[in-house]
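This report refers to the structure that appears directly beneath it.
What follows is calculated from the coordinates using simple rules that are stated; it is not laboratory data. This structure is a prediction, so every number in the text was calculated from the model and none was measured. Note: ideal-geometry Cβ built from the backbone for every residue, glycine included; neighbour counts use all protein chains shown.
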Amino acid sequence: MPDLDAYLRRIEYTGPRTPTVAVLHAIHRRHALSIPFENLDPIRGQPIDYSTAALVRKLVHDRRGGYCFEHGHLLLAMLRALGFEAEPLIARVRPLGTTVVTGLTHMLLRVTAEGRTFFADTGYGSLSLLEPLELMPGERQDHAGLESRRLVAEGPLLVQQAELKGAWNDVYAFSPHAPPPMDFEIGNWFTATYPESRFVLNLIAVRLEADRRHTLFNREYTVRFAGDRTETRTLTSPAELRALLTGTFELNLPADFPLTCPELVWTK
């Protein structure tokens with residue numbers, strides 16, 4: 001049994017513990033606002049263990065963040081502990097503005113509550129959801145994040161789209177049916193260890209607030225506000241990076257925690 005009490009304290013949730021639509025939205029929102037996205041372990045060559053015990057230790061007790069397979073499996077375990085019917089799904093990310101076909105490397109959840117189907121995703125990073133999307137293909141959903149979202153049917157697949165600067169952009173495509181567990185093992189292994197993986201080469205961190213999203217990509221720090229306004233600056237020192245990660249991104253990092261990666265180069 002996962003440590004549900006510790007998880008709920010971590011996300012600062014004190015409401016009901018019944019598997020209702022309202023509770024699903026509240027848990028998802030508190031998780032998204034409380035646990036950052038980060039890839040500090042893959043860039044250090046550390047394996048990603050998405051067992052429930054490892055995730056509770058890292059993301060809950062150690063107050064770290066994680067990437068999609070960590071967020072997804074932690075949220076999955078906790079929703080099931082609350083009595084929700086939930087299944088893991090896997091998606092192909094669609095890089096904005098490209099037609100590149102990517103691997104099955106993103107995890108999300110299908111959740112049933114009060115006879116309705118939702119898709120939960122707290123681990124996408126730069127476009128993570130604040131609240132889950134309901135299965136209503138083609139319908140605009142304005143509640144789910146800083147950007148309006150919709151799900152569009154594409155043959156047997158569903159495509160999540162985000163409205164960015166007045167245009168709908170694909171985020172990822174996925175089957176609404178649960179795949180074999182091996183797909184998650186392969187996707188996680190590839191994402192965390194493949195030498196050319198963006199999560200091995202680049203330092204990435206994201207934290208959501210109700211009206212803005214903080215994003216760090218190597219030395220570039222961006223704050224994107226609701227309504228598409230952005231502010232960007234370039235970090236100038238390792239000390240500034242550490243202060244940002246432990247301050248704005250609220251990551252609990254030991255003083256000797258190494259912060260380096262192949263693409264993180266400091267100017268003199």
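The table below lists the values:
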quantity: Residues of the range 113-167 satisfying the condition of being in contact (Cβ under 8 Å) with a residue 60 or more places away in the chain and more than 19 Å from the chain's Cα centre (by Cα); calculated: 113, 114, 116, 165
quantity: Sole exception among (1) surrounded by fewer than 23 Cβ atoms within 10 Å (Cβ to Cβ); (2) in contact with a His (Cβ under 8 Å, 6 or more places away or on another chain); (3) within 17 Å of residue 194 (Cα to Cα); (4) not aliphatic (A, V, I, L, M) for residue 68, by number; calculated: (1)
quantity: Conditions (1) under 27 Å from residue 24 (Cα atoms); (2) in a loop (DSSP other than H, G, I, E, B); (3) not basic (Lys, Arg); number of the one not met by residue 187; calculated: (2)
quantity: Filter result (part of a loop (DSSP other than H, G, I, E, B) and closer than 29 Å to residue 149 by Cα) within the range 220-248; calculated: 226, 227, 228, 229, 248
quantity: Filter result for the condition that a residue is in contact with a Gly (Cβ under 7 Å, 6 or more places away or on another chain) and not in a helix (DSSP H, G or I), over 216, 251, 259, 264; calculated: 251
